[in-house]
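The structure appears below as structure tokens.
Just so you know, all these numbers are worked out from the coordinates, no wet-lab data involved. Values in this document were obtained by computation on a predicted structure and should not be read as measured data. Because the Cβ atoms are built from the backbone with ideal geometry, glycine has one as well, and the counts that use them run over all protein chains shown.
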Amino acid sequence: MSEANGGIRIGVYTCHCGTNIAAAVDVESLAAYAATLPDVVVSREYKYLCCDPGQDLIRQDIADKRLNRIVVAACSPHLHEHTFRGALVAGGLNPFYLQLVNIREHVAWVHEDRKEATRKAEDLLRAAVRRVARHEPLEPGRTPIHPDVLVVGGGIAGIHAALTLANAGKRIYLVEREPTIGGHMAKFDRTFPTLDCAACILTPKMSAVKAHPNITLWTYSEVTKVDGHVGNYTVKVKRWPRYVREDLCAGCMECLEACVYEEARVPDDFNLGLTKRKPIYIAFPEAVPQVPVIDPDTCIQFKSGKCKKTCIDACGERHAISFQLQEKTEEIEVGSIIVATGFQVFDARRASYYGYGVYPNVYTALEVERLVNASGPTGGEVVLRDGRAPKTVGIVHCVGSRDENTNRWCSRVCCMYSLKLAHLIKERTGAEVFNFYIDIRTPGKGFEEFYQKLLNERVHFIRGRVAEVTDWALDPTEEGKLVLRVEDTLASLVRRIPVDMVVLAVGLEPHPDAPETGRIFNISCSEEGFFLERHPKLAPVNTFTDGVFLAGCCQGPKDIPDTVAQAGAAAAEALALIDAGSVETEPNTAYVIAEVCSGCKTCIPLCPYHAVTFLDNEKKVRIDQAMCRGCGTCVAACPSGSIRQHLFEDEQIFEEIEGILAYA
Ligand SMILES: Cc1cc2nc3c(=O)[nH]c(=O)nc-3n(C[C@H](O)[C@H](O)[C@H](O)COP(=O)(O)OP(=O)(O)OC[C@H]3O[C@@H](n4cnc5c(N)ncnc54)[C@H](O)[C@@H]3O)c2cc1C
């Protein structure tokens with residue numbers, strides 16, 4: 001009996017979470033069981049403990065029954081630990097006198113046998129009751145927020161987030177790994193469902209980024225390392241040399257004209273290989289920044305040193321071109337980070353039965369976006385590789401989407417962009433256009449109306465997954481054509497449709513280097529490989545790393561309106577953090593018992609946050625409380641047991657283990 005003479009007085013609260021927990025766990029019997037445990041003064045169950053009346057129960061009992069420890073058996077601490085800590089504070093208790101038991105994700109959602117699930121919940125509850133009795137009061141720390149923000153990725157998501165924050169007076173670093181910002185949207189001519197001109201919406205925003213006094217734009221650059229924590233991140237950015245100095249180049253493009261080495265031309269990435277480019281190039285006429293890049297892999301000067309260097313002559317007195325420029329690394333301090341690294345399209349070669357890369361007239365949708373583009377390789381004319389206009393076109397939906405053999409998810413935008421391309425192809429060529437679809441998905445503002453418009457334009461829709469595309473003619477009508485073989489599931493027959501051009505509506509995928517990017521920013525990937533949000537409904541732009549937010553298709557496929565909305569939300573989250581000035585930090589930090597520390601330094605290289613330093617005078621280590629993130633690595637590694645951790649004290653953990661094992 002200590003604790004102000006009343007001894008330990010524990011209240012246990014078990015949540016039904018509607019039927020989320022109650023369907024799998026016998027909540028009433030669990031609460032009755034908890035009432036029998038030592039030091040438990042009151043045990044209650046309630047439908048939704050997280051709501052106000054639920055929290056009131058806890059507040060009231062703290063006062064009425066003089067509780068000094070609380071155990072809540074409910075959902076993941078990620079969701080409601082903060083909520084219940086708040087209830088303790090409202091009741092006048094230190095918030096760290098709480099122990100939360102996750103009987104939803106760890107019990108109800110993973111067990112089918114109700115009896116066994118209830119027994120497991122009892123074990124966890126018993127352990128929590130033993131543990132919480134050993135809890136000590138703790139004070140959360142506060143860390144100041146650096147007001148600058150890093151935005152990674154210069155597609156429409158990164159651009160919108162950067163401009164929103166910059167317009168609010170914040171300093172932004174926008175890092176894009178390509179030589180220009182713009183992302184995928186820069187490749188489009190029109191956008192669904194309004195068919196408005198993509199360049200007219202995007203390029204003014206791109207120019208605004210470049211011109212904004214609050215934005216530092218680093219293209220052709222990549223983040224290589226992030227250290228620190230919410231409010232104080234130190235970021236290293238690698239900047240590849242363009243061999244054209246951004247500070248001296250006037251954007252006249254005379255160097256491009258002057259480059260005479262035609263044989264060095266290579267497929268142009270921006271036009272997806274539909275055209276070729278010179279070794280010195282600019283991605284597209286409206287690229288930002290308006291500064292060319294020299295590709296050292298194809299430039300004669302880099303390869304043989306025997307170039308006449310006509311580009312340097314053309315640049316003249318500006319001296320912007322320098323073959324000596326080197327890669328460099330910048331280091332910046334920021335308080336928050338918005339990751340907006342976007343997506344890649346499915347590689348159509350993986351669906352080999354559609355003949356992409358085998359038949360020249362099988363195109364991906366992204367290639368057709370370039371063909372229909374007024375500033376694309378054909379000036380907006382839809383023509384085949386031999387220059388003919390197609391008279392019949394087949395658009396195959398869901399290539400690399402909704403398919404067990406490739407990607408299982410729906411890419412969300414392909415139905416709509418297929419309708420857009422069908423309209424544009426018909427408008428430009430008058431061709432008969434066939435859409436081969438599994439389901440038409442048009443759940444957006446104005447989307448269904450757009451579909452109706454296409455039906456009125458007499459675009460054909462055939463329901464069924466195309467089995468293969470070949471050039472095997474079975475009769476004269478199929479000679480010289482590509483033939484799509486498909487089971488028409490509405491007419492219940494297998495059809496062969498000969499066409500001049502096939503367009504593959506390729507799905508959206510995470511970048512292949514997403515796991516590596518995730519490691520840099522300490523964020524995880526979902527099962528599909530897109531970055532994982534903290535909570536799909538309550539924290540859709542947050543990640544599990546405080547101060548790191550997500551925007552756009554790096555989190556999952558979405559269209560431009562949703563991308564822009566999410567980018568705005570990410571910017572608002574960063575803004576809220578900055579304007580708060582400081583952020584509360586968990587007090588679960590590691591600390592050293594100096595008398596026991598032998599000064600062996602084992603812990604120093606192990607600390608991922610560089611929080612441990614050696615005090616030369618005292619021959620002992622010290623842990624910087626502001627830098628420690630409570631990962632526990634040093635605690636586990638310390639050979640003398642001199643490093644301990646708040647909220648994970650040995651006594652607390654041993655009590656918890658004994659509680660689990662104490663099944664009677
Ligand atoms: C064929 C096709 C047609 C479409 N048509 C439409 C349409 O008409 N209307 C519509 O609403 N939506 C359309 N969409 C969807 C649209 O493309 C996306 O909603 C939008 O591009 C998402 O923008 P984002 O910024 O998230 O990603 P992205 O456009 O992919 O931009 C991401 C940027 O991040 C950069 N990046 C990647 N990794 C890194 C890194 N590690 N470091 C730094 N930078 C990095 C990339 O280079 C890129 O510039 C279409 C999609 C496709 C495939």
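One compactness figure for the stretch 344-509 is 0.97, namely its Cα radius of gyration divided by 2.2 N^0.38 Å.
Each of Cys200, Cys75 was scored by other Cβ atoms within 10 Å of its Cβ. Arranged with the fewest first, they read Cys200, Cys75. Across all Cα pairs in the stretch 510-660, the calculated P(r) in 5 Å bins from zero up to the longest distance comes to 2, 8, 14, 14, 13, 12, 13, 10, 8, 4, 2, 0, 0 percent per bin. Taking every alpha-carbon pair under 8 Å whose residues sit at least 6 apart, the stretch 440-515 reaches a relative contact order of 20 percent.
For the chain, the mean residue ellipticity at 222 nm estimated from helices alone is -8000 deg cm²/dmol, where every DSSP H run of n ≥ 4 contributes -39500 (n - 2.57) and the total is divided by all residues, rounded to the nearest 500. Which links in Lys420/Lys537; Lys391/Lys558; Lys238/Lys278 stretch past 28 Å when you go from one Cα to the other? Check vs 28 Å cut-off fails for Lys420/Lys537; Lys391/Lys558. Across the alpha-carbon set of the stretch 386-474, the Rg to Rh ratio works out to 0.99, Rh being the Kirkwood radius. Could you give the angle, 0 to 90 degrees to the nearest 10, between helix 447-456's Cα long axis and the longest principal axis of the Cα atoms of the chain? On a 0 to 90 degree scale, this one is about 30.
Between Rg and the Kirkwood Rh of the stretch 207-271, both from Cα atoms, what is the Rg to Rh ratio?
On the Cα set of the stretch 207-271, Rg over Rh gives 1.09.
Annotation: the residues His319, His16, sorted from fewest to most other C-beta atoms within 10 Å of their own C-beta, follow the order His319, His16.
In summary, the stretch 10-140 shows an alpha-carbon radius of gyration equal to 0.95 times the 2.2 N^0.38 Å reference for compact globular proteins.
A DSSP coil position with no more than 12 other Cβ atoms inside 10 Å describes the following GluC sites (Glu not before Pro) in the stretch 467-561: Glu479, Glu527. For a Förster distance of 45 Å, can you work out the FRET efficiency between the beta-carbons of His610 and Ala211, rounded to the nearest 0.05? E(calc), rounded to 0.05, equals 0.75. Please compute the net charge surrounding Gln301, taking Lys and Arg as +1 and Asp and Glu as -1 over other residues with Cβ under 10 Å from its Cβ. My count for the surroundings of Gln301 gives +4. Summarising the label geometry, the points placed 7 Å from Cα in the beta-carbon direction at Glu527 and Ile657 lie 3.4 nm from one another. Percent of Cα-Cα pairs more than 18 Å apart in the stretch 617-662, please. Of the Cα pairs, 41 percent sit more than 18 Å apart. Based on the Kirkwood approach, the hydrodynamic radius assigned to the stretch 537-611 is 15.9 Å, with every pair of different Cα atoms included. Normalising by the residue count of the chain, find the relative contact order in percent from Cα pairs under 8 Å and 6+ residues apart. Taking the mean separation of contacting Cα pairs over the length of the chain, I get 13 percent.
Applying D = kT/(6 pi eta Rh) to the stretch 254-318, where Rh is the Kirkwood radius over alpha-carbon pairs, T corresponds to 20 °C and eta to 1.002 mPa s, the Stokes-Einstein value obtained is 174 µm²/s. The value of relative contact order for the stretch 344-509, using C-alpha pairs under 8 Å at least six residues apart, is 31 percent.
In this structure, the amide hydrogen of Phe549, modeled 1.01 Å from its nitrogen in the peptide plane, lies closer than 5 angstrom to those of Ile337, Ile338, Val339, counting only residues at least 5 positions away or on a different chain. Remark on the stretch 590-645: ratio of C-alpha radius of gyration to 2.2 N^0.38 Å is 0.96. A viscosity of 1.002 mPa s and a temperature of 20 °C, combined with the Kirkwood radius over Cα pairs in Stokes-Einstein, give a translational diffusion coefficient for the chain of 74 µm²/s. Hey, what angle do you get for helix 156-167 against the long axis of the chain, alpha-carbon based, 0 to 90 degrees rounded to 10? Approximately 60 degrees, to the nearest ten.
Seen against the Cα atoms of the chain and their longest principal axis, helix 414-429 is set at about 10 degrees. The mean of 1/r over all pairs of different alpha-carbon atoms in the stretch 176-235, once inverted, gives a Kirkwood hydrodynamic radius of 13.9 Å. The ranking of Ser524, Ser401 from fewest to most other beta carbons within 10 Å of each one's beta carbon is Ser524, Ser401.
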